[in-house]
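Below is one structure, written out as structure tokens, with a few remarks after it.
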Amino acid sequence: MAITTKEGILKVLTAFNPWWKTGMVNPKLSKTYQRFAFHEAMKRLNQRDIRRTVVLTGTRRVGKTTIQYQMIEALLQKGVPPQKIVFISMDHPMLKLGGINDVLECYHENIYAEQDVYYFFDEVQYAQDWDKWLKIIYDMQPDTQVVATGSASPALIKGNQESGAGRWSVIQVPTMSFYEYCELLDLDRPELPKELKVTHLLKKTQQERTQIMLQLSKVQNHFNRYLQVGGFPELALADNDIMAQQIMREDVVDKVLKRDLPSLYKIRNATELERIFLYLCNVSSEVVSIEAIARELNGVSRPTVENYIQYLESANLIYQSWPVNMAGKKVLKASPKIYIADAAIRNAVLMDESLLSDPVEMGKIVETAVYKHVAAFYYQKAASVGYFRGGKKGKEIDIVVDYINGHNILIEVKYREGAPIADDDAISQLCGDASAAIVVTKNANDFGVHNTKSGKDMLRIPAFAFLYLLGHAEKNGYRGIE
């Protein structure tokens, strides 16, 4: 007896596509809150002069599938006939085993014969030869539009380079920003000028800055919970934070480490992968040495550590931040800083209730959150986000936005009482040549202008305010800190 049949595939497809009968998407699937990535994806889908396959990538539970349902809802509201839209979850055993060819044949034979359709593939990397199929669809069906999601970026990016060159638009869906978190929970939010950008604060009077901070302080009390449950929409809306963290461990971490990555990369020993990830959770925001990890986890070889770090990055569980060259100084032998993709993942894995009361740990958590926001903010822009370490004392600048045109934005995270910055700190010495320098502080009253010997003023701004303002700028269409 065949494991998959056309009848079986049709039953599954019909269950996944209730709008064929009802004409609408179930509101529980499309939800009401629309993330920034939804608007970006719709813009690409509607761009008729340049046809692209839209690929959404990001870790589990960030809302990629919800964005697809919202896109389907938007198409239905525009008057696209329901039968022209098909949602295909390649994570479902029947559809995965059936393969893309049989699934599409079944759809066209039974639901809609023409090819002026919208294919929505969810977790596309689980389909055999998925990248070749996306190429065939793009080349052979010029009237077909495709939106795909995947949790493993490199698989998608590799497929893009090989089969999708010039055909795909890859949109990163990071975990929610602090701004999106506040919007999702419909908190009492600051009233801010639309055009306000972070470094504009340097040019404001102290009185104007105080007024802005009064507004921003509305969200201050929500910042710690955001760091705890992080940027996962369902978990942010949960009533029970301990349960939310448990779900995050099971769904976001365990499934990726024990199922997704082993099946994608033919990993025989998932325990080693788990050990490396646990190690990285402990050192998030620190410069890591591959040799040191291999020594610490005796029995794991250097090539294995290197490969597994690449796999974790591919699953959007970590970021690697590389040193950047500044002021003509050579980059030292390059070792990356590693950040867990969302501070809440780290908290859920380490399961240490004291994290949020330990100043050192809070420094790591907040730097992780700041890096995530800045990296997501500059994704696909003419800038790279790294760190600087150099000079006689090997002093460091936590985060450097390095523009192609040579301009830099320097960011130092000092999430502690007083947040001291000395004249011989790297950010003080190099800010004169930068287009902006920002010290991210802890307290709401640690806000304003920091004068330096170079004559270039730095901005001191509390972490919650800095992250909220980044989201505010993104919401209003501006894609830079300045």
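Given R0 = 30 Å, the distance between the Cβ atoms of residue 6 and residue 247 translates into a calculated FRET efficiency of 0.25. The ranking of 354, 454, 263, 428 from fewest to most other beta carbons within 10 Å of each one's beta carbon is 354, 263, 454, 428. Stokes-Einstein diffusion of the chain at 25 °C, 0.890 mPa s viscosity, Kirkwood radius from Cα pairs, rounded to a whole number: 103 µm²/s. Amide H to amide H distances under 5 Å link residue 148 with 54, 55, 56, 121, where only residues 5 or more positions off or on other chains count and H is placed in the peptide plane. The slack in the chain from residue 449 to residue 476, taken as 0.36 nm per residue of separation less the alpha-carbon distance, amounts to 7.2 nm. For the pair residue 191 and residue 49 in one chain, pulling the backbone fully straight at 0.36 nm per residue adds 47.4 nm over the alpha carbon distance. Put a plus charge on the Cβ of each Lys and Arg, a minus charge on the Cβ of each Asp and Glu, and nothing anywhere else: the dipole of the chain about its Cα centre is then about 780 debye.
Using alpha carbons only, the radius of gyration of the stretch 6-173 set against its Kirkwood radius gives Rg/Rh = 0.92. For the stretch 225-261, backbone nitrogen atoms closer than 20 Å to the point 7 Å from residue 307 Cα along Cα-to-C-beta are found at 256-261.
Summary value for the chain: 14 percent relative contact order, contacts being C-alpha pairs under 8 angstrom separated by 6+ residues.
Going from the residue with the fewest nearby Cβ atoms within 10 Å to the one with the most, 20, 130 rank 20, 130. Spin-label model, residue 214/residue 289: points 7 Å from Cα along the beta carbon direction are separated by 5.3 nm. Note on residue 101 and residue 298: their simple-model spin labels are 5.3 nm apart, each label 7 Å out from Cα toward Cβ. Summed over qualifying helices (DSSP H, 4 residues or more, each -39500 (n - 2.57)) and divided by its residue number, the chain shows a 222 nm mean residue ellipticity of -12000 deg cm²/dmol. Mind checking which of 176, 121, 404 is farthest towards the positive end of the chain's charge dipole, using Cβ charges of +1 (Lys, Arg) and -1 (Asp, Glu) about the Cα centre? Farthest along the dipole direction, towards plus: 404.
We did not get these values from a lab; they are worked out from the coordinates using the rules stated. Note that the structure is predicted; figures quoted are calculated from it, not measured. All Cβ positions, glycine included, derive from the backbone under ideal geometry; neighbour counts span all protein chains shown.
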